[in-house]
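Below is one structure, written out as structure tokens, with a few remarks after it.
The values are calculated or read from the model by the stated rules, or taken from the named source; none is laboratory data. All values reported here derive from a predicted model rather than from experimental measurement. Methodologically, a virtual Cβ is constructed for each residue, glycine included, from the backbone with ideal geometry; neighbour enumeration extends over all protein chains shown. Each accessible area value is taken on the protein alone, full model and side chains, heavy atoms only, with ligands, DNA and RNA left out. Shrake-Rupley method; radii C 1.70, N 1.55, O 1.52, S 1.80 Å.
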Amino acid sequence: SSAPQLLSSAAPQLLIGSKPAITQYSILSARAPSPRVHKMLKSWLEVPKDSDFSIFNLPWGIFSTEGKPRRTGVAIGDYVLDVSAISNLLTSVEGLDPSVFSQPALNQFMAYPAPVWRATRERIKNLLAEGGSAELSSNPSLRELALIPRENVTMHLPARIGDYTDFYCSREHATNVGIMFRGKENALQPNWLHLPVGYHGRASSVYVSGTPVVRPRGQLQKDKDDPSQGSEYGACKLLDFEVEMAFFLGGPPNPPGKTISMCEAEDRIFGLVLMNDWSARDIQKWEYVPLGPFGSKNFGTSISPWIVPLDALVPFKCPTSAGTQSDPEPLEYLRDPDYGSYDISISCAVKGANMKDPGVVCKTNMSNLYWNIKQQLVHHSVTGCNMRPGDLLATGTISGQSECSFGSMLELSWRGAREVKLGATEEVRKFLKVCQFHHKFSISARFSFRLPNRMETQS
């Protein structure tokens, strides 16, 4: 069977003044599970074998075309299915008002209970499947109206993000940063193994991939070794990326004071996106005591435009790198009887001004999360915090155990102590280069699966 993949995006630029300094391009894609599972399912629409968007994925997004407003789309092969154009074919979905797909954001659709999302997705899958409903495939005029080449669309932020929270849930990443700043004996803070650590980010500066991001300015510590010397104002010199996954919430909001339990969590997770949480390390160093990062993280966060439904990821469930949570065992509300993560292989590449192609600097995996996304959501609501459709929660930097799997330049260069080669080239970095150069920064993520012979296959 052909392989399904999930997310792709256009390129945002990081600018200083009006000149491009860094460009970021991100792709999130997933292969199908073993052909034994879906060998009979394929689309009547021609989908290239190596497409990032097969019938197994069907991610949600918001797009526009020339002269027409933003509306809901689903990616399939080289096309975007205009869901608003086939709204009359979705009236059979119980509880759904198909007019929501004419809205410029997915929030109204996200607000439906999870069974409505699933039923809508299955209906669209049936309309696109060979041997399924012929109401779309047998209607040439509707096909021409509803199936738009992806090269002809502009992608937008998929939802109005009311609140954005960033967690710190990779044990490997937290350990690396702790060793750098506190030493090996005190790498993890005493609370880290007891709860998912997080902080509230800035929703207004979450951008869809393709949106320009300006290199931040702020206060920098004047003497790197002596904070008593005070600060100076200037442009960030230690700009960094952070390889993360993030997820949008859906479902009816829980009332203030009502928590979300572990058994309810999956029905509140609408889907996943890839994230780069841009970070200004030198600004962060001066400002973060005692309340943590502020301006160093509020200037820009890039996410991919397609939201992958959680149901599409079921075949990619896997154990976390920790395996179990037994020392210590989480408090009862945080215990996940299905504890695990997803086998999402993520790579990050950087392209310098004189490079023909980006050079890979790290490869990691979403399995490198100690606290999984359900636990992040449950802990977020434990105080009775009301969680709303369109809220965005992120995992924090995802790093593995080996140096090549570290998910930030802070770790790869070990706080600037070593140079990082950009792939097989002679170009090196400690952090992302500054203003006068033009670079490309790329994150690509692929959901991998293992065949019966244990070989790993990727798109």
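Below, the figures for the structure above:
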| item | result |
| --- | --- |
| Shape of the stretch 52-142, Cα gyration tensor, a/c cut at 1.5 | rounded |
| Cα gyration tensor shape of the stretch 159-250, rounded if a/c is under 1.5, else prolate or oblate by comparing a/b with b/c | oblate |
| The stretch 104-217 - Kirkwood radius from inverse mean 1/r over Cα pairs (Å) | 19.3 Å |
| Normalised contact order of the chain, rounded percent, pairs of Cα under 8 Å and 6 or more residues apart | 22 percent |
| Volume of the Cα convex hull of the stretch 205-262, divided per residue and given in Å³ | 227 Å³ |
| Cα gyration tensor, the stretch 291-361 - rounded (a/c under 1.5), prolate or oblate | prolate |
| Neighbour cut-off at most 14 other Cβ (10 Å), DSSP loop, trypsin sites (Lys or Arg not before Pro), the stretch 272-364 | ARG335, LYS356 |
| Qualifying trypsin sites (Lys or Arg not before Pro) for the stretch 365-431 [loop in DSSP, other Cβ within 10 Å: at most 15] | ARG418 |
| Accessible area of the chain belonging to carbon and sulfur atoms, whole % at 1.4 Å probe | 51 percent |
| Contour excess over end-to-end distance, with Cα ends at LEU142 and VAL289 and 0.36 nm allotted per residue | 47.1 nm |
| Entries of LYS49/LYS363; LYS68/LYS433; LYS297/LYS363; LYS317/LYS363; LYS222/LYS297; LYS224/LYS433 with Cα pairs more than 27 Å apart | LYS68/LYS433 |
| Simple Cβ-charge dipole of the chain, Lys/Arg +1 and Asp/Glu -1, about Cα centre, in debye nearest 20 | 680 debye |
| Rg to Rh, two decimals, where the chain supplies the alpha carbon set and Rh follows Kirkwood | 0.97 |
| Computed E for LYS222/GLU122 - FRET, C-beta separation, R0 56 angstrom, nearest 0.05 | 0.40 |
| For the stretch 131-174: Kirkwood Rh in Å [reciprocal of mean 1/r, alpha carbons] | 15.4 Å |
| Longest exposed-site-free window of the chain, the sites being GluC sites (Glu not before Pro) in a DSSP loop that have at most 12 other C-beta atoms within 10 Å | 131-418 |
| Computed E for TRP414/GLU329 - FRET, C-beta separation, R0 30 angstrom, nearest 0.05 | 0.40 |
| Per residue accessible area in Å² of the chain, where ligands, DNA and RNA are left out and the probe is 1.4 Å | 43 Å² |
| Helix-only mean residue ellipticity at 222 nm for the chain, each DSSP H run of n ≥ 4 adding -39500 (n - 2.57), per residue, nearest 500 | -3500 deg cm²/dmol |
| Dipole-positive endmost among ILE344, SER261, GLN325 within the chain (Cβ charges, Cα centre) | ILE344 |
| Proximal charge balance of THR301 [Cβ under 12 Å; K/R count +1, D/E count -1] | -2 |
| Extreme residue, positive dipole direction of the chain, given options VAL214, PHE63, GLN189 (C-beta unit charges) | VAL214 |
| Full-stretch length increase - ASP267, LYS421 - with 0.36 nm per residue and alpha-carbon distance subtracted | 51.2 nm |
| Charge dipole (the chain, unit charges on Cβ, about Cα centre) - positive-most of TYR288, LEU412, SER138 | LEU412 |
